[in-house]
1. Rank the residues 390, 290 as a footprinting-exposure proxy: fewest other Cβ atoms within 10 Å of their Cβ go first.
2. From the helices alone, meaning DSSP H stretches of at least four residues, give me the mean residue ellipticity at 222 nm for the chain, per-run term -39500 (n - 2.57), in deg cm²/dmol to the nearest 500.
3. Just the ratio, please: alpha-carbon radius of gyration of the chain over 2.2 N^0.38 Å, N its number of residues.
4. Please compute P(r) over all alpha-carbon pairs of region 102-164, binned at 5 Å starting from zero, and give each bin as a whole-number percent.
5. If you take all C-alpha pairs in region 70-112, what percent of them are over 12 Å apart?
6. Just check region 1-104 against the gyration tensor rule for me: Cα atoms, a ≥ b ≥ c as the square roots of the eigenvalues, rounded for a/c under 1.5, and otherwise prolate or oblate depending on whether a/b exceeds b/c.
7. Relative contact order of region 42-186, please, whole-number percent, based on alpha carbon pairs below 8 angstrom and at least 6 residues apart.
8. Quick check on the chain: of the DSSP beta bridges with both residues there, what percent are antiparallel, nearest 5%?
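FYI, it's all coordinate maths here, none of it is from the lab. These numbers were taken from a predicted model, which means no experiment stands behind them. Cβ atoms come from the backbone with ideal geometry, glycine included; neighbour counts cover every protein chain shown.
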Ligand SMILES: Cc1ncc(COP(=O)(O)O)c(C=O)c1O
């Protein structure tokens, strides 16, 4: 594969440089190069992330707060990791909490917010969301909390903002919505949703897990109260991160052990964290910042470099999206769920959910897997959407999910293979 240097606006992504950073991309399956089109389920990691995890164990493996070298190194690393994630999200370091994953952090958050709710209080969710941003809130029904759900347009799998707005009432205490759908790629107008929530005096929580590898996040601009993401979806080890707006987050009383600090961010960081993974998260943010500096050597600081990286990522993924969607739509018997109009590609990520007549999603995923192409099948925990679109009982969808280390060649390859499989029956 040659260097594909894409120059749109000011941001240029050097795909050769990008792929050189990720050693696992060299994997072969039955003699063919592996194509990792499974990013929405978890991404590959750059060499520096692997090194950071290894180095943690060699140089800094200790618990926090000890009066000796490795513990001091660990404390310094953890502080820097909070600062790095703050640069990624556009907030202060004490507004960032690390946890096991997004779902565990959301369960903790829902328990804390639930302490302030009672019978008749309402929470507004959507039918588009991953269950990690649904079940933790449904759990509050046991307190008499009423759950509302905003409708989805079945034609293009976008949220019906009119329906969402109409469901916000004086009883609404919280609106929890995904930034982007991990199933069909729709990007939601989250800033507007936060505005609607706040206008009614409700809190706004954003699940940015699927969006975070694809676009820059600015929690101050969004004005959300909480935002959650999973670093393993953006080139880091398995872990979760929560942003909490200081004024709101410090007011809540999370369930925690007595010896745990009452201050931010520790009040949300239950027990001993996965330090080695957090060392990897720090390295992944540094990778993204270096990608940004590679695109824009004038980037003045880490936040500016991260914004440059995301601009390049977004431009590059847009270029991948065109052959992906148009190629898939040409396959006889294929149905694509989500936005297909190129003029609206700004409203989606390069995540495509499809079904092909006469083939189950698992069968498609297996056949692609044998040919070295890694995709996902099923409902991927976008359980309610799969049920509402009536695909859950018959195997869900096949999901082809691209990130910035994928190539036009890989897109052409998956389209060609699916064409061949579709014609084989
Ligand atoms: C949109 C979305 N939200 C939430 C989650 C849950 O994240 P975690 O695995 O970190 O709990 C996922 C995981 O796939 C996701 O895609």
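1. 390, 290
2. So the calculated ellipticity at 222 nm is -12000 deg cm²/dmol.
3. Rg over 2.2 N^0.38 Å, computed on Cα atoms: 0.98.
4. With 5 Å bins starting at 0, P(r) equals 4, 18, 25, 21, 17, 10, 4, 1.
5. Of the Cα pairs, 64 percent sit more than 12 Å apart.
6. Working: a/c = 2.21, a/b = 1.65, b/c = 1.34.
In terms of gyration-tensor shape, prolate.
7. Across region 42-186, relative contact order equals 17 percent.
8. The antiparallel proportion sits near 60 percent.
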